[in-house]
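A.B. asks: Please read through the structure below; I'll follow up with questions.
The values are calculated or read from the model by the stated rules, or taken from the named source; none is laboratory data. This one's a predicted model, so the numbers in the text were calculated from it and none came from an experiment. No Cβ is skipped: glycine too gets one built from the backbone with ideal geometry, and neighbour counts run over all protein chains shown.
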Amino acid sequence: MNVNAIALSVIENVERVIVGKRLEVERLLIALLCRGHVLIEDVPGVGKTVLAKAIAKSLGCEFSRIQCTPDILPSDITGVSIFNQKTGEFEFRPGPVVAQIVLADEINRATPKTQAALLEAMEERQITVEGRTLALPEPFLVLATQNPIEYEGTFPLPEAQLDRFLIRLRLGYPSPADEMRVMDAQRQGHPIDRLAQVVRAGDLLAAQEAVQAVYIDELIKRYIVDIVSATREHADIYLGASPRGSLGLYRTSQARAALIGRDYVVPDDVKAMARDVLAHRIIVNPSARVRNVEAETLIDDIVGRLPVPGTTVRS
């Protein structure tokens, strides 16, 4: 299975709609190859929803959107059983989470009870409604968004929920040249309407299996553990990353290597993914927050200080 060819075809197709954000598109695809979920934290209007739709169209996957509001209920997400008067039986009507690519827009506007309804779906890839368990389709990706500026009427995601996201991204504003390209592309309609499928969902599932076979040396495994352990001992970090962070860095390093075209992981793969995988899993000390120290800066500091390991030759 040529993971590199599949990834490039999807990335190039998505770039017809999302201009100037190749690195972010690559990160999203890496999460998809790892069967992980993504949190996009950015201001409105930078293309978060369009990015999710473009990925779904490129893969031919079923797309669903959940517009999170304070009055949305868990059953609005998972589904509900409705009594059919003709048959005299209850029929289950699945909610929007029963899809392959699920966009949870402004997730921090939903109440904690509703946010928790996504926990089982994201971790177990199943939902339980009225004692009935329903497996979710494959591939399955939750792409959640939140506005980092406007906090009025929001419910910050708890640590347990944040830890369920494999990667946190920020798209950011486009450059002036890219913004002009966006305007030109939408002169006669939105290019998302003309986007075609380039990869079958079955090919993506095969690529996910291939990523797991990417070789990773024992020294690099130790390097991953050292980075995560350092987050638990850093003076400016109140709470470090959990073992799920180590596993996330392990998997994303494999996916990045496969995306580039290698069947083995090098230290640069780990270093490239550390910020996106670990920054949202740590809690910065109050004294460090007063100094405007950000989690991403602390991860960069840890990666910069730790020695990069050599590797042994695979027999």
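A.B. asks: Identify, from the list THR252, THR312, the residue that is modelled with pLDDT of 95 or more and not assigned by TED's automatic domain parsing to the domain that holds GLU159.
C.D. replies: It is THR252.
A.B. asks: Working carefully through the options ILE107, ILE127, ILE77, find the one that is within 20 Å of GLU41 (Cβ to Cβ), β-branched (Val, Ile, Thr) and within 21 Å of the chain's Cα centre (by Cα).
C.D. replies: ILE107
A.B. asks: Next question, about the same structure. Would it be correct to say that ALA288 is surrounded by 18 or more Cβ atoms within 10 Å (Cβ to Cβ), in contact with a strand residue (DSSP E or B) (Cβ under 6 Å, 6 or more places away or on another chain) and in contact (Cβ under 8 Å) with a residue 12 or more places away in the chain?
C.D. replies: No.
A.B. asks: Inspect all residues belonging to the stretch 82-95 and state whether any of them is buried (at least 17 other Cβ atoms within 10 Å of the Cβ), out of contact with any helix residue (DSSP H, G or I) (no Cβ under 6 Å at 6 or more places or on another chain) and of a type outside the set (Phe, Trp, Tyr).
C.D. replies: Scanning the stretch 82-95 turns up no residue that is buried (at least 17 other Cβ atoms within 10 Å of the Cβ), out of contact with any helix residue (DSSP H, G or I) (no Cβ under 6 Å at 6 or more places or on another chain) and of a type outside the set (Phe, Trp, Tyr).
A.B. asks: Evaluate the following for LEU73: is it buried (at least 19 other Cβ atoms within 10 Å of the Cβ) and of a type in the set (A, V, I, L, M, F, W, C)?
C.D. replies: No.
A.B. asks: Here is a further query. Counting residues that are under 22 Å from the mean Cα position of the chain (by Cα) and surrounded by 15 or more Cβ atoms within 10 Å (Cβ to Cβ), which helices (runs of 4 or more DSSP H) fully inside the stretch 146-253 reach at least 3?
C.D. replies: 201-211, 218-233
A.B. asks: Kindly provide the set of residues from the stretch 29-85 that are farther than 26 Å from ARG275 by Cβ, among the small types (Gly, Ala, Ser) and touching a residue at least 60 places away in the same chain (Cβ under 8 Å), ordered by number.
C.D. replies: Hit for the stretch 29-85 is GLY60, nothing else.
A.B. asks: In the stretch 115-133, what count of residues is obtained for those that are part of a strand (DSSP E or B) and modelled with pLDDT under 85?
C.D. replies: Total meeting the criteria: 4.
A.B. asks: Sort out which residues of the stretch 209-258 are under 17 Å from ILE167 (Cβ atoms) and among the small types (Gly, Ala, Ser), and write them in order of number.
C.D. replies: The answer is ALA241, SER242, GLY245, SER246, GLY248, SER253, ALA255, ALA257, ALA258.
A.B. asks: Tell me the residue from THR297, THR252, THR231 that is farther than 26 Å from ALA207 by Cβ, β-branched (Val, Ile, Thr) and in contact (Cβ under 8 Å) with a residue 60 or more places away in the chain, please.
C.D. replies: Result of the check over THR297, THR252, THR231: THR231.
A.B. asks: Can you give me the ranges of the helices (runs of 4 or more DSSP H) entirely in the stretch 1-61 with at least 2 residues that are under 28 Å from GLU120 (Cβ atoms) and touching a strand residue (DSSP E or B) at 6+ places or on another chain (Cβ under 8 Å)?
C.D. replies: 22-33, 48-59
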